[in-house]
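Below: the structure, in structure tokens.
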Amino acid sequence: MAKAMQTPSGLAAPRGASAKESAVTAFVRDTAAVAEIEIRKLGRDPIELFTRAIQPTLWLLVFGQVFGRMKAIPTGNLSYLTFMVPGILAQSVLFIAIFYGISVIWERDLGILQKLLVTPAARTSLVLGKALSAGVRGLSQGIIIYLLALLLSVPIRLEVGPIVAVFGFIILGSALFSTFSLAVACLVKTRERFMGIGQVLTMPLFFASNAIYPLSVMPAWLRALAKINPLSYQVDALRALMVEGGQSIFGLGTDLTVQLVVLAAFVLLTAKLYPNVVR
């Protein structure tokens, strides 16, 4: 009979497969606990979600309407506004997630982070839990932009399958860019410097992507940057799944794989850097 050993949670678990299962269970539990804490914070300040919806609303109502009339950008069988809606959704997700790391600096200053780091929870579960909570924030923006698109008579796909897939990619994109933000926060010691770096990062990521114009109109150097920009794969997936007539340039499998690989890399990097925040 396999011998039992004591787990961090205080429960006895047998060695071997059961021990491995217990470690996985603990990891999932810790990740869910961190995500729940972050989501509760969001519930205390829901107005933040609506204020962050102002910028994408202006992009769709002003930029989209004006450039749609000009017909200056070739978008194939899609109107410019239809082409633009998934890109603005991805932009909204990016802009929320890229500043998510400032919460780590706040937690360090309040002493919360030090308490989290001395718990038995794995660093990866702390990072992944925060990333999942960022995904919930992104979902709120997705709902708002869906409603705006319907009000603007954009031909949105309303089947359950595509909507679930869109929400899945929103969570994935939010998690990806929030972990990138957390990694930056681990290297930056002040809120002011972090905000400055965040502003510098968002515009290049947004404009060096296919969010508001197709790859075909880009110069070669910008097209090369767009193809290594994870935001381009986020937009590509949303465009294929969200609007009638939308197509994926890279393929949904490639879009999913690229974002998962980049997310995994950022989670591992941030978990390694996480203790540096309190130094």
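May I ask you to list the residues in the range 82-104 that are aliphatic (A, V, I, L, M) and surrounded by fewer than 24 Cβ atoms within 10 Å (Cβ to Cβ)?
I96, I98, I102
Quick check on the range 233-251. Is at least one of its residues farther than 24 Å from L139 by Cα and either small (G, A, S) or in contact with a strand residue (DSSP E or B) (Cβ under 9 Å, 6 or more places away or on another chain) (or both)?
no
Take the range 50-68 and flag every residue that is over 14 Å from A149 (Cβ atoms) and assigned to a helix (DSSP H, G or I).
Passing the criteria: F50, T51, I54, Q55, L58, V62, F63, V66, F67.
Only one residue in I112, I98 is under 19 Å from A271 (Cα atoms), at pLDDT below 80, out of contact with any Cys (no Cβ under 6 Å at 6 or more places or on another chain) and of a type in the set (V, I, T), so which one is that?
None of the other options fit; the residue is I112.
The values are calculated or read from the model by the stated rules, or taken from the named source; none is laboratory data. Please read these numbers as outputs of a predicted model, since none were measured by experiment. Positions of Cβ are backbone-derived with ideal geometry, glycine not excepted, and every protein chain shown enters the neighbour counts.
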